[in-house]
Amino acid sequence: MQHSTARADLWARLQAPREWDLAVIGGGATGLGVALDAVARGLSVVLVESHDFAAGTSSRATKLAHGGVRYLAQGDVGLVHEALHERAAILANAPHVAQRLAFVMPGYQWWENAFYGAGLKAYDALAGRQGLGATEWLSASRALQLMPGVRGHGPLGTLKGGVRYWDGQFDDARLALLLARTALARGALVLNHCEAVALLREKGQVRGLRVQDAETGQHADVRAHCVVNAAGVWVDAVRDMDREADAPTRAPLVAPSQGVHLVVDRSFMPGGHALLVPRTVDGRVLFAVPWLGKTILGTTDTPRADLAREPAPFAEEIAFILREAGRYLARAPQRADVRSVWVGLRPLVKQQGGDGHDTKALSREHTVIVARSGLVTVTGGKWTTYRAMAEDVLDRAMTRGLLPRRPAGATVRLPLLGAAPGRPLSEPPGEHLYGSEAALLHALPGAAHWLWRDAESGHPGLSEAMVRFAVRHELARQVEDVLARRCRLLFLDAAAAAQLAEPVAQIMAEELGPDFDAAASAQRFVALAQGYGLASPTSSST
Ligand SMILES: Cc1cc2nc3c(=O)[nH]c(=O)nc-3n(C[C@H](O)[C@H](O)[C@H](O)COP(=O)(O)OP(=O)(O)OC[C@H]3O[C@@H](n4cnc5c(N)ncnc54)[C@H](O)[C@@H]3O)c2cc1C
């Protein structure tokens, strides 16, 4: 049966009097993973997202489907092993938006190649048959051939060689959309721009949600046997809704940690390989990753007490990334070279009793808590492990009798919509990201009308038909939804994205009709895009 994605139909389904097996709060990687796993097991599922799918942390990752080399260095073998297994599932189920990628770790000291190479061999061994390619030691000349942007000589000395290993990368927001749409196609009801504003309780037990449509202000009550709180760094606000009126506020579960990425042109790091700096001056790893025709530099790990929807980078974080990149790249990037800056908040789980200040030391594993009221809260973890987290959440809910028991494993091999091998994600965005759905795209008006081409390569990136596809099939409601998450231009080149606000709004108006305020939506996007440029002020201190 074909399920409509028209908003009016979705809202009507939400209002219909019925009881769902499961209601999920939050349309990031975690919530969408839970919704898809549950519907794939035959449960009835509703999911609400207050903003847009992946508008929180899940569109702001480094975009690596990885086991986490640095967690291996910290001895967290179980976490790495699970993530390597999940990496394989993502690459198999969504090959149009997730692929393998080669990384080079340059060595300027003899010991570095031997030391890191041995660690990466262990990484290969842990991946076993799910490995993506064997780790190799490289001579200095081979390393420079593969990474023409890297310094042969510089502040770190003369390049002695390097190590090449393989991991995965993906388009995080498009993967989230595919999870949402695949769940919808299988009968789940997923709705963006719809906030959970209260929990429905009966005899001390959570039995559903009150939701509010962000577009109309209308409310609806959604009854469900089980409610999962997957609100990312915002889980504590939902846990607060679960409090008896006179009960004291609970200690927060999440200690948010901010991570900044800078995007520069591909010319700073030509070639299809990524760079991994294994140890920055503050003891972290730093990546320079080719992604959709540009180079992503990042990231940082800075504790942050507020939970801003659009956190601003700290000036020190930008200076740090540019300085570290400049130690390795032959053409050191400057502030003026930065095309986009974006900031995400990691939902790290606070150790109870800790002050959460040193976020680098906090657990990267996820946590599931089932309250006495039955509210299931899940947070932490990584994008890569979203599917394993979903299985864990459903297992806990079934064990508590909140859901009927159904066997796990339904999503290990479950191709997402459009799944078909695509071109490398290091290349500029385009039709290849639609996989087998490209035929659907071509059937829409404006398939050959290009609104934006990648400036460096001339590659056509955004067409009128893609905007129509975003509205008709991908639940886009605002200019931001299109230019930030269906097409990733905001994250690639904020100034170029701002210039497209009006033409995109006009096409959306044709699709959405007179209720859509095109001018206001375009204006809001232009203001947002200013914050993704380096001209806007940064916070001055941590
Ligand atoms: C800088 C950085 C780099 C990272 N890099 C990687 C990486 O390379 N690889 C990797 O595997 N992981 C990476 N991660 C981790 C990964 O991005 C996160 O673990 C993951 O995205 C968290 O997803 P989530 O669904 O829990 O949270 P979110 O994506 O934030 O989703 C929660 C959603 O809940 C919604 N919400 C909140 N309150 C309500 C409400 N009342 N009603 C309805 N909806 C609500 C929010 O709007 C939000 O969309 C990175 C994280 C950061 C910050």
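Out of LEU36, LEU43, LEU47, one residue alone is more than 9 Å from the ligand (Cβ to nearest atom), open to solvent by less than 30 Å² (accessible area, probe 1.4 Å) and outside any helix (DSSP H, G or I). It is LEU43. Exactly one of (1) farther than 30 Å from ASP493 by Cα; (2) away from the ligand (no atom under 16 Å from the Cβ); (3) touching a Leu at 6+ places or on another chain (Cβ under 7 Å) is unmet by VAL370. Its number? With (1) farther than 30 Å from ASP493 by Cα; (2) away from the ligand (no atom under 16 Å from the Cβ); (3) touching a Leu at 6+ places or on another chain (Cβ under 7 Å) applied to VAL370, the lone miss is (3). Mind listing whichever residues of the range 1-33 are of a type in the set (A, V, I, L, M, F, W, C) and in a loop (DSSP other than H, G, I, E, B)? Hits for the range 1-33 are MET1, ALA6, ALA16.
Residues in the range 512-538 that are more than 15 Å from ALA484 (Cβ to Cβ), surrounded by 15 or more Cβ atoms within 10 Å (Cβ to Cβ) and touching a residue at least 40 places away in the same chain (Cβ under 8 Å): 3 in all.
Per the listing PHE491, PHE469, the residue uniquely part of a helix (DSSP H, G or I), within 18 Å of ARG60 (Cα to Cα) and aromatic (Phe, Trp, Tyr) is PHE491. For the range 295-339, residues that are more than 27 Å from GLU49 (Cβ to Cβ), open to solvent by 10 Å² or more (accessible area, probe 1.4 Å) and not in a helix (DSSP H, G or I) total 7.
Residues in the range 9-33 that are aromatic (Phe, Trp, Tyr) and open to solvent by 10 Å² or more (accessible area, probe 1.4 Å): TRP11 only. Inside the range 53-65, residues that are within 20 Å of LYS294 (Cα to Cα), in contact with a helix residue (DSSP H, G or I) (Cβ under 8 Å, 6 or more places away or on another chain) and either more than 6 Å from the ligand (Cβ to nearest atom) or not in a loop (DSSP other than H, G, I, E, B) (or both) make up a count of 3.
Is it the case that some residue within the range 394-412 is part of a strand (DSSP E or B) and over 22 Å from GLU437 (Cβ atoms)? No, there is no match, as no residue in the range 394-412 is part of a strand (DSSP E or B) and over 22 Å from GLU437 (Cβ atoms). Determine whether ALA288 is more than 11 Å from the ligand (Cβ to nearest atom) and crowded, with 23+ Cβ neighbours inside 10 Å. Spelling it out, ALA288 is indeed more than 11 Å from the ligand (Cβ to nearest atom) and crowded, with 23+ Cβ neighbours inside 10 Å.
Quick grid of which residues meet (1) modelled with pLDDT of 95 or more; (2) open to solvent by less than 30 Å² (accessible area, probe 1.4 Å); (3) more than 30 Å from GLN109 (Cα to Cα):
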site	(1), (2), (3)
CYS226	yes, yes, yes
ALA231	yes, yes, yes
LEU275	yes, yes, no
GLY283	no, no, no
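Going by what's in this entry, would LEU209 be described as under 23 Å from TRP20 (Cα atoms), free of Cβ contacts under 8 Å to residues at least 40 places away in the same chain and open to solvent by less than 60 Å² (accessible area, probe 1.4 Å)? Against the criterion (under 23 Å from TRP20 (Cα atoms), free of Cβ contacts under 8 Å to residues at least 40 places away in the same chain and open to solvent by less than 60 Å² (accessible area, probe 1.4 Å)), LEU209 does not qualify.
Within the range 1-33, the set of residues being among the aromatic types (Phe, Trp, Tyr) and under 14 Å from ALA224 (Cβ atoms) comprises TRP20 only.
The values are calculated or read from the model by the stated rules, or taken from the named source; none is laboratory data. Since this is a predicted model, take the numbers as computed values, not measurements. Note that we place each Cβ from the backbone using ideal geometry, even for glycine, and neighbour counts take in every protein chain shown. Remember, those area values only see protein heavy atoms, side chains included, never the ligands or the DNA or RNA. Shrake-Rupley method; radii C 1.70, N 1.55, O 1.52, S 1.80 Å.
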